[in-house]
Structures are given as structure tokens and as C-alpha cells.
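Heads up: the structure comes next, in C-alpha cells.
The values are calculated or read from the model by the stated rules, or taken from the named source; none is laboratory data. Quick caveat: nothing in here was measured; it's all calculated off a predicted structure. In this analysis, Cβ positions are derived from the backbone assuming ideal geometry, glycine residues included, and neighbour counts consider all displayed protein chains. To get the accessible areas, we keep the full protein, side chains included, count just its heavy atoms, and leave off ligands, DNA and RNA. Shrake-Rupley method; radii C 1.70, N 1.55, O 1.52, S 1.80 Å.
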Amino acid sequence: MAKTLLTTLGTTKYTETVYFFGEQRADKTCYVAKALCQLFEIDRVVLLLTKEARATHWNCLQDCLPSHVEKIARAIPEGKTEAETWEIFDVLVDSIEPNTQLLFDITHAFRSIPVLMLLGAALLRKAKNVEIQGLYYGLYRHGQAETPIIDLTPAIRLLDWLTASDKFISTGSAVELGQLLDRVQRDFYRQQKPGKGDPRPTRLQSFGQAIRDISRSLELVRPVSLQEDLRKLQRHSTEELAKEAGQFAKPLGLLLQSIQDSYSQLALPAEKAADPQAQVQKHFQLLRWYVEKRLTTQAILLAREWVVSALCLCEGLQNYREREARQVVEHQLGSLIQRKKQPLGDPPATGESVQQEEQLQFLPPIAAHVSDVKQLADLWSCLSEYRNDVAHGQMNPDPLGGEALESFVLQKLLPSLEALFPELTRLEKDPSASW
């Protein structure tokens, strides 16, 4: 895989200096590109040049670069307008082949190019599977004998934190955050050998694994496993994590409170962990969380099961997770749907007028637990249809539209459940649900 240096030059007359990176020193040169080729064993140099910069430097630079290095000049405008800025961005991105090992140099970059290189690095990694090996800046001053090269690669990692943070805030998934924390701790021990008493990361990796486990349970609608994962998370001290993050993963410090607020509300306190009613109430809180995050598929799947769980409890079936108990309730719910073609509460058509009290004997027992049987039947009918449509991936002749599914979840689902099951949908603030 070719190692490529993407760099740029202005129109300034550069003086010779010795560029150094750490303990390594390059030969004296006017051009940082030559020094970087020597320090990092570059195979290809891609140079972004305005017309004036090309006339000033291109021939001299070609002559001083090692003969084995491929040299490519790409013309760019000066970036005086928004259109020219986007043109520079396009040239930058188009200059790099997929699967390239890439180093950026912004020593002599001008105007918006440093920002474009940073953003381009983020895009290239995702769109072209480019391996970013470094972002460097030479602290060049005219006439100085030696010039240090600064490693700005952590700035690219900051974009990773930005992406991972945005995903967590918008979807609740901390998978990417967990992966970053795992990488931070592994990279530390791979690159350094801390002495006795020196600070070192010891909690970031396990915390990252904990939030990844929670994210997996949330994504796959595993409310039972979720409680186990949340208990593991609660063992982590926020204070200790904040201290460690401040030393080794500063962006995490900005997110710790958000992670706690988002996830702790879903945790059952230890003293209620075995209480079926508390469990079902917490499952409804998870359902509300799905709706708030606009996770339509997860909300539909959980809501269908939650109705069955709620009615199991209403029927006194504390073993609401057992298949036999759920089948009893599901059969009764199914019978309500069969009656939707006639007013609910009516017996099979006999041509006789029957009093309301007598009609009740034709309803299944679960009807006694809700104030509006028709509303329950309508809701179950929708949930059954929507759940099947989602679970079977539209594999039917007349699939539902995504807009209809989303509209139902965002506007009707929670109000319907709250009206039918006010006791089980009441959310109580749990002061112990934090760590």
C-alpha cells in the first residue's frame, strides 16, 4: 500500500532549515515535504498548488525530492469564494486513491486549506477506506536553523469523538464511543511504558465495553439483558471516570453526564429487580425512550410485547414472561380483533336485543382491566399489523408505508397505552437510578 503525503505550498520564498520530529532529524532543506519524505518513508507526494505557487516552487521541489518518490501537482484556486473553497475540497478528495496510507502536511497551507484537510481526512477514511497516519505542522520561521514538526493527528481523532457523540445523542447508541475508549487505552499501553506511580488508564476500556453492551441490548430490544448491562455500568464511579477521562480521553468528560442521564433512567433499583410490576413499568420507560429517539422498529416490537405483559399482570399472572401465560392473553386479544366488524361488546348476531350487562359475558376476561375495550382492540390490531410488517421486511403484497409506521409511533402509541394502563405507565423518578 503506497504511503502518500498530501501537502501544499504558497508563494513565499522559504529558507533552509533542519526539520526534526522527536529525536529524528532530516537533512537541511527549504521544503518540509522533502523532510517528511525522509522522516516517514513517503512513496508519493501530492501537492496542491495555485497557479502562482506552481510557478514559484514546483520545479525546485521536484528536483529536491527523492527520485523514487512519485510527484503529483494538482491545481487549485485561491479560495477567495465559497465556490472556490468547494473546488479545493473536491481536488483534495479526488487526489487520493482508495486504501491509501495518507499523511497530511499543513505547514504552508493558506486560507481555508487546513480546515479542508481536516474535514477531508474524516471523509476519506470513511468513503475511501484511507488510513490516516498523521497530520503534521512544521513550526517554520524564516531564517531559523531548526524547525520542529508538530503531530496534530489527535485533531483528527477529535472528529471521531464528534461523530460518536452525535450518534449517541441522536440515537442513544454508544457503540462508537465504546470503541474509541477501547482504542485510547490499548494505544496508551502499546505506545508507552508508564513508570511506577505514573498515571495510566485503567477504567476506560471496561467502561467502553459496558456502554457497548447496553447499546447492543437497546438495539436488539433485550429489556431483560439491558438490566444486567446497566448493573455492570453502575459499578463504574463517575468521579473516577471523569478524572481518568480528563487525563486520557477529554471528550468523554463532556459526555459522562449525558450518558448517565440517558441510561440510568432505564435501570431498576436493586430492591425492585424481582418485582414483576416494577419490571413492566421500566419496560414502558424503555418504550418511551425508543419513541424519544425515534427508533420506530424497536418501539413497535417492544410495544406489542408490552401490552401482553401488562395484561398478564392485570390477570394476576406474575410469570408474564412464560410462553403459556402470554398465549392465554394473546388468544384473548386476538378474539377482540375478530369482533371489530361488529360493535365490541355485542354477542354473535342473533337478531335479538340484548342488554349491556348481558353483553359483557361475551367479552374475554382481559376486557375488564381497561376502560375502553374498543381502544384496546384497535391498538392491538395496529400493533399486530405493524409488528408483522416490520418483522417480515415488507414481504407481503400490500406493505405499509414507513411514514405511517413512524407517525403511529410518534403520535399515537404512548398516549394510547397511557390511557389504557394508567398505573403501569406512570413514571416515577428513581433517585437511586444513577451511579
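The residue that is most open to solvent (accessible area, probe 1.4 Å), among those in region 13-49 that are assigned to a strand (DSSP E or B) and basic (Lys, Arg), is 25.
Selection of first residues in region 222-239 that are among the hydroxyl-bearing types (Ser, Thr, Tyr) and of second residues that are surrounded by 14 or more Cβ atoms within 10 Å (Cβ to Cβ) and outside any helix (DSSP H, G or I), restricted to Cβ pairs under 7 Å at least 6 apart or on distinct chains, gives the following pairs, ordered by first then second residue: 238/435. Which residue out of 215, 206 is of a type in the set (Ser, Thr, Tyr) and over 30 Å from residue 300 (Cβ atoms)? When all the criteria are applied, what remains is 206.
Residues in region 320-353 that are over 47 Å from the mean Cα position of the chain (by Cα) and either open to solvent by less than 40 Å² (accessible area, probe 1.4 Å) or modelled with pLDDT of 75 or more (or both): 345, 347. Scanning region 254-285 for residues that are within 21 Å of the chain's Cα centre (by Cα) and open to solvent by 40 Å² or more (accessible area, probe 1.4 Å) returns 254, 257, 258, 261, 265. Residues that are part of a loop (DSSP other than H, G, I, E, B) and more than 20 Å from residue 138 (Cα to Cα) were ranked within region 85-106; the one that is farthest from the chain's Cα centre (by Cα) is 95. Looking only at residues of region 131-160 that are open to solvent by 20 Å² or more (accessible area, probe 1.4 Å) and of a type in the set (Phe, Trp, Tyr), we find that the one that is farthest from residue 40 (Cα to Cα) is 140. Tell me whether region 172-184 contains one or more residues that are surrounded by fewer than 20 Cβ atoms within 10 Å (Cβ to Cβ) and among the hydroxyl-bearing types (Ser, Thr, Tyr). No, region 172-184 contains no residue that is surrounded by fewer than 20 Cβ atoms within 10 Å (Cβ to Cβ) and among the hydroxyl-bearing types (Ser, Thr, Tyr).
Inspect region 42-57 for any residue being closer than 22 Å to residue 150 by Cβ, under 38 Å from the mean Cα position of the chain (by Cα) and without any contact (Cβ under 8 Å) to a residue 40 or more places away in the chain and give the result as yes or no. There is no residue in region 42-57 that is closer than 22 Å to residue 150 by Cβ, under 38 Å from the mean Cα position of the chain (by Cα) and without any contact (Cβ under 8 Å) to a residue 40 or more places away in the chain.
Of all residues being of a type in the set (Asp, Glu) and either within 30 Å of residue 240 (Cβ to Cβ) or over 29 Å from the mean Cα position of the chain (by Cα) (or both) in region 390-435, which is modelled with the lowest pLDDT? Just the residue, please. The extreme case among them is 430. Listed by position, the helices (runs of 4 or more DSSP H) enclosed by region 131-231 that each have at least 2 residues that are over 30 Å from residue 286 (Cα atoms) are 153-171, 175-191.
Taking region 363-399 as the range and being over 28 Å from residue 315 (Cα atoms) and either part of a loop (DSSP other than H, G, I, E, B) or touching an Asp or Glu at 6+ places or on another chain (Cβ under 9 Å) (or both) as the test, the residues that pass are 392, 393, 394, 395, 396, 397, 398, 399. For beta carbons closer than 7 Å, sequence separation of 6+ or different chains, a first residue in region 286-314 that is touching a residue at least 60 places away in the same chain (Cβ under 8 Å) and open to solvent by 20 Å² or more (accessible area, probe 1.4 Å) and a second that is among the acidic types (Asp, Glu) and part of a helix (DSSP H, G or I), the qualifying pairs are 296/406. Answer yes or no as to whether residue 74 is surrounded by 12 or more Cβ atoms within 10 Å (Cβ to Cβ), under 15 Å from residue 116 (Cβ atoms) and either modelled with pLDDT of 95 or more or among the charged types (D, E, K, R) (or both). Here the answer is yes, as residue 74 does meet what is asked. Considering region 192-215, and only residues there that are basic (Lys, Arg) and crowded, with 17+ Cβ neighbours inside 10 Å, the residue that is modelled with the lowest pLDDT turns out to be 203.
Specify the residue that is most open to solvent (accessible area, probe 1.4 Å); the eligible residues are those in region 107-130 that are assigned to a loop (DSSP other than H, G, I, E, B) and among the aliphatic types (A, V, I, L, M). Filtering region 107-130 for residues that are assigned to a loop (DSSP other than H, G, I, E, B) and among the aliphatic types (A, V, I, L, M), the one most open to solvent (accessible area, probe 1.4 Å) comes out as 109.
Rundown of residues vs (1) among the polar types (S, T, N, Q); (2) farther than 24 Å from residue 263 by Cβ, yes/no style:
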position	(1), (2)
159	no, yes
162	no, no
175	no, no
181	no, no
185	yes, no
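The set of residues in region 50-71 that are open to solvent by less than 70 Å² (accessible area, probe 1.4 Å) and in contact with a Lys or Arg (Cβ under 7 Å, 6 or more places away or on another chain) comprises 62, 64, 65, 69. Scanning region 1-12 for residues being touching a Phe, Trp or Tyr at 6+ places or on another chain (Cβ under 8 Å) and in a strand (DSSP E or B) gives a total of 5.
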